[in-house]
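Report on one structure; see the data block that follows.
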Amino acid sequence: MPVRPLPEKPSLQHLKYQAKDVLEGHAARDAAVAQRIREFHPRWAKASDAEIFAAHLTLSDAQLTIARECGFSSWTKLKRRVEQPRPGDQLNLPHHQRIEDATFRRAVELLDAGAVEGLRSHLKRHPNLARRHVAFEGGNYFRNPTVLEFVAENPVRHGKLPKNIVEITKVILEAGVQQSSLSETLMLVSTGSVPRECGVQMDLINLLCDRGADPDGAAETAAVLFELQAVDALLALGARITLPLAAALGRTDDARRLLSDADPEKRHLALAIASQYGHLEIVRLLLDAGEDPNRFNPVGGHSHSTPLHQAAGNGLLDVVKLLVERGAKLDVKDILFGGTPAGWAAYAGKKEVEAYLRALERNPLTGPGH
């Protein structure tokens, strides 16, 4: 889920109160609090609600959860940001303006200017620069990028890319990059709106995969974010069809074939994705296989919401009805905005879905199963 940005003048005392709220929610067995702990505390990244509630949660654990929820890797770093802010902490500035390393910053400036020869010379003068990382706090991705990751314009900094961005990317690749940087850049390109809008997404995907980026790692994330053109390209370049990808593409036969061997994480993600795309038969297949419609979606799958939130917000009445018939609760509030599925439908202007859910809220005994 997106991180919760700090206000302009954050209060450490208020953040401490938030940590205490996490402790109280844990003690009350609040499913939304369990989801936050699972997403933001590394010790419980794969734990079930029951396992989280059974664990002893300390104040330090709660503070770490809050710190990471705000985009900081530790409570100490969050505390430093509040008490001793630095120029790089100005989250209202685009990332390139927050780089404190002058040599790294110059490389990004040359990249943004499309200065092929200037960038090549700069990288030759600093032979390890292409492998160097810069650290950003306050976000839930793009936290430790190399120069290469900046070619994706994701997160958006300028809203455009140089026309010769493919040549710029080749220059950086020639300087020598790490495998992890290649694959991370592929994920950013595959999920970025700017590369697609600039007409270079496919060229960059092809180039990065040709140089060894792993198409498997990017495909499911692209599917979650509705970048289906990128998904198709990654599949053509060797990405394996998985249950979540079949769910995104509406490939019911593949979903049925892959279901028996899919692990619980893939099944969970598949239900989240099928619900947001409206692939009714795949949603039904997963529910028949025992997937719980009331679980919050998994990390990386709009985890602040449930399948019903996603179906309602996308106006998918048939899926909404099926989820409700199978026991999806109408009163679950999403973690970021505190909205119910009906509220999501109202916000998105999906009047037919909103009317159906509001009617059930007013008269629950007339709903499915009664």
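Read the figures in this text as sums done on the coordinates, not as results from a lab. Keep in mind the model is a prediction, meaning the values are calculated, not measured. Here Cβ is always computed from backbone atoms with ideal geometry, including for glycine, and neighbour counts include all displayed protein chains.
Results, tabulated for the structure shown:
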item	result
Set of lysines with alpha-carbon distance to Lys351 below 26 Å, sequence-local pairs under 8 removed	Lys321, Lys329, Lys333
Highest-first arrangement of 95-102, 168-175, 350-357, where packing means the average Cβ count within 10 Å	168-175, 350-357, 95-102
FRET E, pair Lys79, Leu225, Förster distance 45 Å, beta-carbon r, rounded to 0.05	0.85
Cα→Cβ-extended label distance, 7 Å offset, between Glu167 and Arg256, nm	5.2
Shape category assigned to segment 60-145 from the gyration tensor of Cα positions, a/c cut at 1.5	prolate
Lys, Arg +1 and Asp, Glu -1 on Cβ, resulting dipole of segment 244-366 about Cα centre, debye, nearest 20	240
Spin-label pair Asp288/Ile241, simplified geometry with 7 Å Cα→Cβ offset, distance in nm	1.9
Of Thr58, Leu23, Leu78, farthest towards positive along the dipole that unit charges on Lys, Arg, Asp, Glu beta carbons give segment 12-85	Leu78
Electrostatic dipole magnitude of segment 12-85 [Cβ: Lys, Arg +1; Asp, Glu -1; Cα centre; debye, to 20]	340
Sequence-distant aspartates and glutamates (8 or more away, or on other chains) whose Cα lies within less than 15 Å of Lys124	Glu174
Under the span-like rule (Cα at least 18 Å along the axis, Kyte-Doolittle mean at least -1.0), DSSP H helices of the chain	12-27, 264-277
Relative contact order for the chain, counting Cα pairs under 8 Å that sit 6 or more residues apart, in percent	10
Potential lengthening between Leu93 and Ala28 on full extension [0.36 nm per residue; Cα-Cα distance subtracted]	19.5 nm
Sequence-distant lysines (8 or more away, or on other chains) whose Cα lies within less than 24 Å of Lys160	Lys170
Estimated FRET transfer efficiency when R0 is 51 angstrom, pair Asp203-Asn363 (beta carbons, to 0.05)	0.40
Where trypsin sites (Lys or Arg not before Pro) fall in DSSP loop in segment 1-67, at most 13 other Cβ within 10 Å	Arg29, Lys46
Charge context of Ala55, other residues only, Cβ under 9 angstrom, K/R +1, D/E -1	-1
Mean projection area, nm², convex hull over Cα of segment 90-225	7.4
Inter-label distance, nm, simple model (7 Å from Cα along the C-beta direction), His126/Asp331	5.7
Given charges at Cβ of Lys, Arg, Asp, Glu: segment 158-277 dipole, positive-most of Gly192, Thr242, Gly212	Gly192
Test item: Cα-centred dipole of the chain, Lys/Arg +1 and Asp/Glu -1 on Cβ, debye	940
Gain in span if fully extended, Arg143 to Asp21, counting 0.36 nm per residue against the direct Cα distance	41.2 nm
